[in-house]
Amino acid sequence: MKQLSREEMMSFIFETGRAFRFHMDQFVLSGDMPMDPICSDLTAIQTRATLQVWLRQPLSLNELAKILQVTPSAASALVDKLVEKEVLTREQDPRDRRRVVIKVHKRAEEAMNTVNEQFLKAFRSIADVIPDESLRHWHLAMRSVADVLQQKSAS
């Protein structure tokens with residue numbers, strides 16, 4: 001096997017990631033993944049906001065606005081719609097009663113967990129056929145990526 005340059009390796013990793021995302025999208029579109037009505041009725045930005053809250057909850061409105069790169073007033077309008085749909089909740093922060101935090105509604109939390117389990121199932125359909133030694137190398141590589149991402153988010 002030809003020795004690849006660093007640039008060629010990075011390009012291959014990026015393109016493989018793109019192919020993997022395409023595979024996951026195809027899994028969703030195939031109908032094999034049961035979609036909860038609570039999730040299927042959301043716009044792209046509503047889905048993105050819900051996912052970000054689910055991953056990081058609880059969040060303040062300003063934190064969500066920063067993550068979504070929208071104004072606080074746009075984030076507030078978005079959250080209002082998602083609260084109305086019983087996807088998100090606004091709750092008083094028990095540590096600071098003046099602060100309101102945004103969380104995923106219990107019903108939506110269950111739907112998000114189901115979707116996550118289905119994505120994990122699709123991922124396993126790929127990972128299960130990868131030899132153990134390659135999987136160990138992949139794990140080490142992803143551990144390095146996770147460490148770099150953590151360092152970048154801390155700075």
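The values are calculated or read from the model by the stated rules, or taken from the named source; none is laboratory data. Computed from a prediction, not measured in an experiment: that's the story for all the values here. We place every Cβ from the backbone using ideal geometry, glycine too, and count neighbours over all the protein chains shown.
General remarks:
- Residue in region 116-132 that is within 26 Å of Asp25 (Cβ to Cβ), more than 15 Å from the chain's Cα centre (by Cα) and aromatic (Phe, Trp, Tyr) present: no
- Only listed residue being touching a Phe, Trp or Tyr at 6+ places or on another chain (Cβ under 9 Å) and either part of a helix (DSSP H, G or I) or without any contact (Cβ under 8 Å) to a residue 12 or more places away in the chain (or both), chosen from Glu109, Glu133: Glu109
- Among the residues here, Glu117 qualifies as surrounded by fewer than 12 Cβ atoms within 10 Å (Cβ to Cβ), acidic (Asp, Glu) and closer than 22 Å to Trp54 by Cβ.
- Residues in region 133-155 that are within 26 Å of Val79 (Cα to Cα) and under 15 Å from the mean Cα position of the chain (by Cα): there are none.
- Among (1) at pLDDT below 95; (2) touching a Lys or Arg at 6+ places or on another chain (Cβ under 8 Å), the one test that Val79 misses: (1)
- For region 82-99, the set of residues classified as out of contact with any helix residue (DSSP H, G or I) (no Cβ under 7 Å at 6 or more places or on another chain) and either touching a residue at least 12 places away in the same chain (Cβ under 8 Å) or not in a loop (DSSP other than H, G, I, E, B) (or both) consists of Val83, Glu84, Lys85, Glu91, Gln92, Asp93, Asp96, Arg97, Arg98, Arg99, listed by residue number.
- Filter pass, Glu117 being acidic (Asp, Glu), farther than 19 Å from Asp41 by Cα and not assigned by TED's automatic domain parsing to the domain that holds Thr43: yes
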